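*Asks:* Structure below; questions to follow.
The values are calculated or read from the model by the stated rules, or taken from the named source; none is laboratory data. If you're wondering where the values come from, they're calculated on a predicted model, not measured in any experiment. Positions of Cβ are backbone-derived with ideal geometry, glycine not excepted, and every protein chain shown enters the neighbour counts. For accessibility, only protein heavy atoms count, side chains too; no ligands or nucleic acids. Shrake-Rupley method; radii C 1.70, N 1.55, O 1.52, S 1.80 Å.
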Amino acid sequence: MKKSMIYSLLFACMAAFAACGDDEVGSANPAGEVSCSPTELNFIANGGEQTVTVTANREWMAYASADWMTLTPTNSMGKTGTLSVKVAENGTYDDREGTVTVKVGNTRQVIAVRQPGIPKPAPDPSMNVPEGYEIDWYDEFTGISLGSDWTYEVKDAGWVNSEKQAYVNGNGVTEVSNGTLKINCKKVDGKIYSARLYANKKKGWKYGWVEAKIKLPKGSGTWPAFWMMPVDESDGWPTCGEIDIMEEVGNHPDYTSSSIHCYSYNHTKGTQKTAERLTAGAESDFHVYALEWTENYIQTYVDGNPLLHFDNDGAGNKQTWPFAKEFYVILNLAWGGTWGGAGGIDESALPVTMEVDYVRVFHKK
């Protein structure tokens, strides 16, 4: 083959590559021009659908910054068209913002999308407020999902206490519906998943009254808990302290307990401070588990009846009283482990659910 023919073929291939290449490569494609109207979309908490008029000098594509927005179409060969933006219901108390981007060549037009959260319900006027306290924070679970006050732990099975479940954010381990939070422990493709949730983890609370109304799961292997850990855990466990407002294991059904742990008093030494009693119907109905935490003592309650009492010894020693600092609330449902699995595990009980009607935190007036 003559060199002239080879060069002709080579130049033809290069031209074809440039014509078909990405906008970022070469200059065969014309410059992109695009305008959108409107450039701001405001939705209501219930969601809905709005449209944007796109005017461009060539084909265009669109994409959203969050999965709560759905776009139709995402690609258009026409120069002018209508882009539909559909927003899902926002079932949290938190406002949210996102963007829709329309791209033509190297040119982009950004559309701001805003959606408020549902109004946080006013405190129930029939709410039982402890004497001398007033409401500080609460979640009545009236929406369809958890708000930003809650964060998920994500850890593999065996992370703590030899528990069998992995803690995840997904796989249906939580559900907010009909006014309650459901924490679900389930087996999926041979693996067990559940949820461990933290409320106000970065800030916490120091002293106050903390309570939750909970229905416990049934089955050997369950280990539900409502408890608190310090925002600052730099001293390490158990020196940092731990307050267990409510724990129960399915192998000992309906017996609920409260404990505190610190350097001097913890279960590794067999010195933990614990109190337990039969809470009839704990696995079949809701009961109220509460903590009264002051600078002088810790007192827990079940349905208003005192359970565990632990006094501050006044020595100013964090080995015996590490509770003069901020703690945050934890809800979790473990499966198996050193205590939950001590009497055997019955996987036929899965899936199981820990159901929470509300969580409330009160502070002194």
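*Asks:* Checking a compactness column here: for segment 84-156, what do you get for Rg(Cα) / (2.2 N^0.38 Å), N being the number of residues?
*Replies:* This ratio for segment 84-156 stands at 1.69.
*Asks:* Given a 1.4 Å probe, how much area per residue of segment 33-91 is accessible, in Å²?
*Replies:* With all protein chains present, segment 33-91 gives 54 Å² per residue.
*Asks:* Next question. Given that just one value was derived from the coordinates, which of (1) 24.3; (2) 17.5; (3) 27.5 is mean projected area of the Cα convex hull in nm²?
*Replies:* The listed entry that was calculated here is (3).
*Asks:* Which residues' amide hydrogens lie under 5 Å from the amide hydrogen of R196, considering only partners 5 or more residues apart or on another chain, with H built in the peptide plane?
*Replies:* E153, V168
*Asks:* Once you keep just the Cα pairs under 8 angstrom separated by 6 or more residues, what percentage relative contact order results for the chain?
*Replies:* Rounded, it is 17 percent for the chain.
*Asks:* Amide H neighbours of Y297 under 5 Å, at least 5 residues apart or on other chains, H built in the peptide plane: list them.
*Replies:* N312
*Asks:* Quick check for you: with a 1.4 Å probe and neighbouring chains kept, what is the accessible area per residue of segment 127-183, in Å²?
*Replies:* On a per-residue basis, segment 127-183 sits at 49 Å².
*Asks:* Report, largest value first, the span of the C-alpha coordinates of segment 213-334 along each principal axis, in whole Å.
*Replies:* Answer, in whole Å and largest first: 42, 27, 25 Å.
*Asks:* Positive end of the dipole of the chain, charges at C-beta (+1 Lys, Arg; -1 Asp, Glu), about the Cα centre: which of S220, G344, S145 has its Cα farthest in that direction?
*Replies:* Highest projection toward the positive end goes to S145.
*Asks:* When the accessible area of segment 141-255 is split by element with a 1.4 Å probe, what percent falls to carbon and sulfur?
*Replies:* 44 percent
*Asks:* Residue by residue, what Karplus-based ³J(HN,Hα) values in Hz, rounded to whole numbers, does segment 107-122 have, using 6.51, -1.76 and 1.60 with θ = phi - 60° and x for Gly and Pro?
*Replies:* Running phi through 6.51 cos²θ - 1.76 cosθ + 1.60 with θ = phi - 60° gives 9, 10, 10, 9, 10, 7, 10, 10, 8, x, x, 5, x, 6, x, 5 Hz.
*Asks:* Then there's this: Where the Cα atoms of segment 122-242 are projected onto their three principal axes, how long is each span, largest first, in whole Å?
*Replies:* 49, 40, 28
*Asks:* Taking the chain as the reference, fit the longest principal axis to its C-alpha atoms, fit the long axis of helix 3-20 to the helix C-alpha atoms, and give the angle between the two in degrees, 0 to 90, nearest 10.
*Replies:* 50 degrees
*Asks:* A follow-up question, please. Over every pair of different alpha-carbon atoms in segment 166-218, take the mean of 1/r and invert it; report that Kirkwood radius in Å.
*Replies:* 13.3 Å
*Asks:* So if I place +1 on the C-beta of Lys and Arg and -1 on the C-beta of Asp and Glu, and nothing else carries charge, what would the dipole magnitude of segment 22-125 be about its Cα centre? I want it in debye, nearest 20.
*Replies:* Here the size comes out at about 220 debye.
*Asks:* Send over a whole-number figure in Å² for the accessible area per residue of segment 187-302, probe 1.4 Å.
*Replies:* Per-residue value: 39 Å².
*Asks:* Once Rh is set to the Kirkwood radius over Cα pairs, what Stokes-Einstein translational diffusion coefficient, in µm²/s, holds for segment 129-194 at a temperature of 20 °C and a viscosity of 1.002 mPa s?
*Replies:* The Stokes-Einstein estimate is 154 µm²/s.
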